[in-house]
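Inspection log for the structure reproduced underneath, given as structure tokens.
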Amino acid sequence: MSQALDEIKIGGLGASRKRVEDNRFIRGKGNYTDDITLPGMLHMEILRSPLAHARITSIDATRAWEIPGVHLVLTGEMMATRNLAWMPTLSYDTQAVLATDKVRFQGQEVACVIADDPYIAKDACEAIDVEYEPLPVIVNPVQAVADGAPVIRDDKENQAGNVIYDWEVGDAEGTERAFAQADMISKLKLHYPRSHPSPIECCGSIADFDRSTSKLTVYMTSQAPHIIRAAVALVAELPEHMIRIISPDIGGGFGNKVPVYPGYVCSILASILLERPVKWIEDKSGNLISTGFARDVYLDGEMALRSDGKILAVRMHTDADHGAFFSDAQPSKFKIGLMHSAFAAYDIPVAHLTARGTYSNKAPGGVAYRCSFRVTEAMFFQERMVQAAATDLGMDQAEFRRMNFVADDQFPHRTPFGFLTDSGQYGECLRVGLKAVGYEDFLRQKQEAKANGRLLGIGISTMTEPLGAGNSREYDILGIKMFDSAELRVHMTGKALLRTGAKSQGQGHETTWAQIVSHELGIPAEDVVVEEGDTDTAPFGMGTYASRSTPVAGAAVAMVSRKIRAKARKLAAHLLEVSEEDIEWELGRFYVRSAPDRGVTIQECAMAAYSNMPDGMEPGLENNAYYDPPNLTWPFAVYIVTVEVDPQTGVWDVLNMVAVDDCGVRINPMIVEGQIMGGLTEAYAMASMQFITFDAEGNCVGSNYMDYLLPTAWETPGFELHSEVVTPCPHHPIGAKGIGECAAVGGPAAFVNAVMDAISDTGVRNIDMPLLPDRVWEALTYRRDVSGAPPVRTDE
Amino acid sequence: MTIVYEDRGDEAASEVPVRRIKFTINGQKKIAEVETRLLLSHLIRRGLGLTGTHMGCDTTNCGACTVLVDGRPVKSCTMLAVQADGHEISTVEGLATASELHPLQEGFKEEHGLQCGFCTPGMMMTAKALLDANPDPSEDDVRWALSGNLCRCTGYQNIVKSVLWAAGKLRSQSAG
């Protein structure tokens with residue numbers, strides 16, 4: 001009998017295979033949008049508004065047109081003549097492409113210049129004279145709904161004030177009844193500050209319209225090229241088959257590169273008008289002040305508790321500041337994303353969530369920044385609320401969590417907001433985490449340190465995240481159902497080409513998708529080339545964000561491989577001259593059940609598909625699969641942080657961070673751990689320094705990396721990762737769950753809870769993120785909560 | 001940088017001030033005529049077509065554009081091309097030989113020190129300057145040396161490991 005293949009050796013499931021894409025990146029041979037130069041290419045720069053809210057009284061581009069090398073100056077007025085001054089957003093609102101009537105946030109696109117050279121285009125932008133008449137500015141939801149507030153969206157009929165939506169989910173009456181029976185009610189109010197995903201590579205596009213073929217090709221930084229093609233077809237009214245969107249290598253996305261931005265639209269129109277390729281590459285300030293932000297939600301909630309620690313009900317309200325246009329990238333059905341995934345890990349009978357969204361004079365966005373549509377805010381509030389409740393009850397925070405967790409035998413579990421969580425071992429993850437951090441021992445150290453005037457704290461956070469939208473029954477974007485796809489071609493020598501509708505931005509799909517094929521077919525991973533991002537060649541898919549690649553596109557890869565295997569089985573039966581029923585499969589090989597030595601490899605079947613197929617069989621060995629997931633996948637994690645706070649300065653240092661992630665089956669453990677570490681770093685960033693705020697005039701504070709602080713190698717703590725708890729996803733073909741974002745979702749509360757634990761003697765209930773030293777110092781010194789909400793103007 | 005202007009019958013186009021500079025890049029001697037305001041990063045990327053040097057922030061913060069100038073790490077988005085006159089520049093494209101990767105390149109792949117790859121060239125160039133000066137750095141030495149280079153994907157832990165891996169290999173090579 002032949003030797004069975006070793007799946008790890010061929011780079012299959014579970015192999016920490018070194019990344020294929022690294023071979024070009026380490027040589028500086030990546031191919032990012034800005035690396036592409038086309039013959040005759042022109043360059044575009046955008047003129048942005050310096051004011052947050054102002055009426056445009058005049059735009060004079062005469063001087064700009066006169067600069068040698070300038071080919072075109074676009075203004076809102078010119079866009080309007082082509083019905084392109086406004087475009088639809090992903091949340092059924094409209095967004096200005098170039099401002100016509102007024103500007104509604106600082107950094108809004110007002111005009112753009114197309115020139116021979118980016119330097120000339122920038123010069124010309126400065127030569128455009130725009131006169132503004134300033135208007136009162138709104139920077140938070142309180143101002144937005146105040147009496148006499150200026151209406152930001154006066155362009156919209158029937159928009160009386162600044163409220164975008166009032167939305168609710170859950171059982172209001174049942175929650176009311178549960179609260180009436182509570183022994184204790186615990187309350188918490190906080191602000192999850194505005195943040196920006198800030199990939200190092202900014203957004204950009206190269207539009208190339210060819211008059212001779214009528215074909216528009218756009219190279220762009222898009223996490224979802226197929227959605228962009230659909231959007232361009234619908235907005236620009238171009239025939240879809242004449243649009244080709246290519247996402248080349250992407251220098252990080254994190255949700256920032258999902259939406260359609262005015263720069264893309266302008267470069268496309270400019271290319272059509274000039275019949276030359278037009279490149280637009282955003283600068284960092286443009287990226288930070290105008291493109292998809294995240295968070296900026298005020299959360300207010302309460303928990304009904306029984307005196308023994310049982311959670312009876314939860315009530316939550318969110319006020320979300322969406323900026324000037326409601327352009328959240330999220331499933332259409334849900335106004336505040338998947339905020340109602342909050343408390344999904346806890347066995348809570350009833351809950352009610354109300355949500356209000358308002359406009360402000362801030363950049364639009366609301367993207368899922370390294371999370372599944374507002375899950376980050378949901379999990380942060382959940383874990384801060386849980387800690388507050390444990391404190392109020394005088395219970396140990398770990399024990400309080402353990403007694404309220406959904407138990408292992410309760411799955412599938414219906415949450416009070418209607419989700420169906422699929423599987424997990426929550427208690428076991430917590431046990432592993434507590435053991436790793438030395439929980440009891442640390443509590444003793446903390447007491448000893450206290451006697452010496454030192455402040456130690458420990459913070460726990462757990463999270464379960466709904467990852468992998470759809471199913472298509474509930475999840476769509478602008479009516480397009482959220483499924484994904486894969487297409488597999490096995491060549492005659494057994495080598496293969498795989499394409500999916502997803503788009504890697506660092507996740508390593510070229511490496512991991514091949515591993516799934518390898519697992520299903522026994523073809524060595526190195527024999528499988530993976531391509532994504534070109535809408536002319538890849539099958540339609542919804543793209544990569546919200547940790548949906550492995551749950552959806554990854555599942556499609558497994559399913560298409562199984563289709564290939566089914567056909568290969570027929571070929572094997574033909575080659576072995578037995579009936580299909582008499583054939584067995586082992587990795588990479590079919591054999592005759594009664595005579596295991598008689599077999600054919602998958603490669604031999606592939607050759608037969610092109611050279612020796614049975615009569616009547618369609619030649620070739622290729623197929624595709626569209627995967628509509630039956631449910632979201634629900635990974636779980638426990639993050640535990642210990643800190644020491646300096647009582648004199650408010651500076652806090654991380655002593656230890658332990659992460660226990662149960663994301664089901666890991667395709668490539670090395671890549672999974674890389675993603676967890678990246679997520680933990682973003683969690684640390686949000687907890688410690690990274691936020692975008694605004695002054696009362698609507699000036700963005702955080703418009704460059706001098707002001708928008710990101711942790712470096714020096715500040716970032718080390719992490720201890722644990723992978724021993726594995727609960728395979730019951731409905732995913734290979735048992736995998738999403739993972740790329742879990743740590744960024746669940747991590748922040750662990751850091752904040754640790755600092756709050758360290759200063760618990762002050763009685764301070766909340767310090768808003770980021771926990772800058774001055775905020776911690778203020779809490780310690782004045783024994784009061786510290787809000788991070790943007791200021792309201794008080795001088796008038 | 002060659003720029004062809006539309007001829008509109010005026011003399012403005014000929015007024016763009018240019019200067020001739022001589023420099024060495026990855027061992028090759030070059031002459032260029034550049035606008036005096038041209039950034040070194042743009043000369044490298046657009047003038048020389050070496051697109052491995054990336055532009056991230058334009059403000060000397062992110063370090064994606066780090067190259068070596070006479071062996072010292074410099075953020076090329078904040079140095080004018082004319083300042084490179086007479087100097088020696090090394091970019092990521094000069095790290096590997098035709099047949100062999102530099103140990104830093106191997107280290108980044110071995111230790112999974114990159115994800116999207118955008119910060120990687122700058123990280124490797126900064127690390128090269130460190131290892132040239134200090135062949136046996138501690139973890140803290142590496143973290144401090146890299147503190148001018150931002151990464152949004154990895155959380156740095158594997159980048160630090162990658163550099164230490166390269167240091168180890170370089171030491172064993174020089175010992176061997």
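Read-outs throughout are calculated quantities, based only on the coordinates presented, and are distinct from any laboratory measurement. No experiment lies behind these values; they were computed from the predicted model shown. Every residue, glycine among them, receives a Cβ derived from its backbone with ideal geometry; neighbour counts consider all protein chains shown.
Brief remarks on what is shown
- Going by neighbour counts of Cβ atoms within 10 Å, the residues A:Arg211, A:Arg454, B:Arg37 line up, fewest first, as A:Arg211, B:Arg37, A:Arg454.
- Label-point separation in nm, B:Val18 to A:Glu168, each point 7 Å along Cα→Cβ: 7.0
- Helices of chain A meeting both criteria, an alpha-carbon length of 24 angstrom or more along the long axis and an average Kyte-Doolittle score not below 0.0, with helices taken as full DSSP H segments, are A:375-393, A:555-576, A:669-688, A:742-758.
- Annotation: amide H-H contacts under 5 Å for A:Arg598 (H modelled 1.01 Å from N, sequence separation of 5 or more, or interchain): A:Val592.
- Part-to-part distance (alpha-carbon centres) for the range A:176-190 and the range A:394-472, which is given in Å: 21
- Exposure proxy order (Cβ contacts within 10 Å, fewest to most) of A:Tyr545, A:Tyr610: A:Tyr610, A:Tyr545
- Those lysines that a straight Cα-Cα span of less than 18 Å connects to A:Lys335, excepting residues fewer than 8 apart in one chain: A:Lys481
- Label zone at A:Asp155, where the point sits 7 Å out along the Cα-to-Cβ direction: the range A:257-298 residues whose backbone N lies under 12 Å: A:262
- Neighbour-count ranking [beta-carbon atoms within 10 angstrom, fewest first] of A:Lys215, A:Lys257: A:Lys215, A:Lys257
- Scalar couplings 3J(HN,Hα) for the range A:405-420, obtained by applying the Karplus form with A = 6.51, B = -1.76, C = 1.60 to θ = phi - 60°, are 4, 5, 7, 4, 8, 8, 7, x, 10, 8, 7, x, 9, x, 6, 10 Hz; x denotes Gly and Pro.
- Taking only Cα atoms of chain B, radius of gyration then Dmax in Å: 18.0, 67
- The lysines whose alpha-carbon is closer than 20 Å to the alpha-carbon of A:Lys446, local same-chain residues fewer than 8 away aside, are A:Lys435.
- Lys, Arg +1 and Asp, Glu -1 on Cβ, resulting dipole of chain A about Cα centre, debye, nearest 20: 780
- Where labels lie 7 Å past Cα in the beta-carbon direction, separation of A:Asp396 and A:Thr57 in nm: 7.0
- Under 5 Å between amide hydrogens, built in the peptide plane, is the criterion, and for A:Leu632 it picks out A:Asn471 among residues at least 5 positions away or on other chains.
- With all pairs of different C-alpha atoms in the average, the Kirkwood value for the hydrodynamic radius of the range B:103-175 is 11.8 Å.
- Residues whose amide H lies under 5 Å from that of A:Gly588, counting only those 5 or more places away or on a different chain, are A:Gly522; hydrogens are built 1.01 Å from N in the peptide plane.
- The length gained on full extension between A:Arg783 and A:Asp615, counted as 0.36 nm times the residue separation minus their Cα-Cα distance, comes to 52.1 nm.
- Integer Hz, Karplus 6.51/-1.76/1.60 couplings in order for the range A:319-326, x for Gly and Pro: 10, 9, 9, 8, x, 6, 9, 7
- Under the combined filter of DSSP loop state and at most 15 neighbouring Cβ atoms within 10 Å, the range A:85-181 retains these trypsin sites (Lys or Arg not before Pro): A:Lys156.
- Once the Cβ-Cβ distance of A:Val142 and A:Asp761 is raised to the sixth power relative to R0 = 35 Å, the FRET efficiency obtained is 0.65.
- Dipole-positive endmost among A:Ala345, A:Leu312, A:Ala368 within the range A:278-373 (Cβ charges, Cα centre): A:Ala368
- Note on the range B:12-94: antiparallel DSSP beta bridges, both residues inside, total approximately 90 percent of the bridges counted.
- Only helices enter this figure: runs of n ≥ 4 DSSP H residues, each worth -39500 (n - 2.57), summed and divided by the residues of chain A, yield -8000 deg cm²/dmol at 222 nm to the nearest 500.
- The Cα trace of the range B:12-94 gives Rg and Dmax of 12.2, 39 Å, the first to one decimal, the second as a whole number.
- With a Förster radius of 41 Å applied to the beta-carbon distance between B:Asn134 and A:Ala449, the computed FRET efficiency rounds to 0.70.
- Two-decimal log10 I(q)/I(0) for chain A, as the Debye equation yields it once each C-alpha is a single scatterer, q = 0.06, 0.11 Å⁻¹: -0.40, -1.23
- Modelled spin labels at A:Asp101 and A:Arg177, positioned 7 Å past Cα toward Cβ, are 4.8 nm from each other.
- Per-residue HN-Hα couplings for the range A:21-28 [Karplus 6.51, -1.76, 1.60; θ = phi - 60°; Hz; x = Gly/Pro]: 5, 4, 4, 8, 5, 6, 9, x
- C-alpha center-to-center spacing [the range A:587-648, the range A:210-245] in angstrom: 32
- The DSSP beta bridges internal to the range A:297-378 are antiparallel in roughly 50% of cases.
- Measuring against 29 Å, Cα to Cα, the residue pairs A:Lys156/A:Lys215; A:Lys284/B:Lys29; A:Lys156/A:Lys362; A:Lys503/B:Lys169 contain A:Lys156/A:Lys215; A:Lys284/B:Lys29; A:Lys503/B:Lys169 as the ones spanning a longer distance.
- Cross-link reach list, lysines versus A:Lys567, counting only Cα pairs under 20 Å and skipping chain neighbours closer than eight places: A:Lys495
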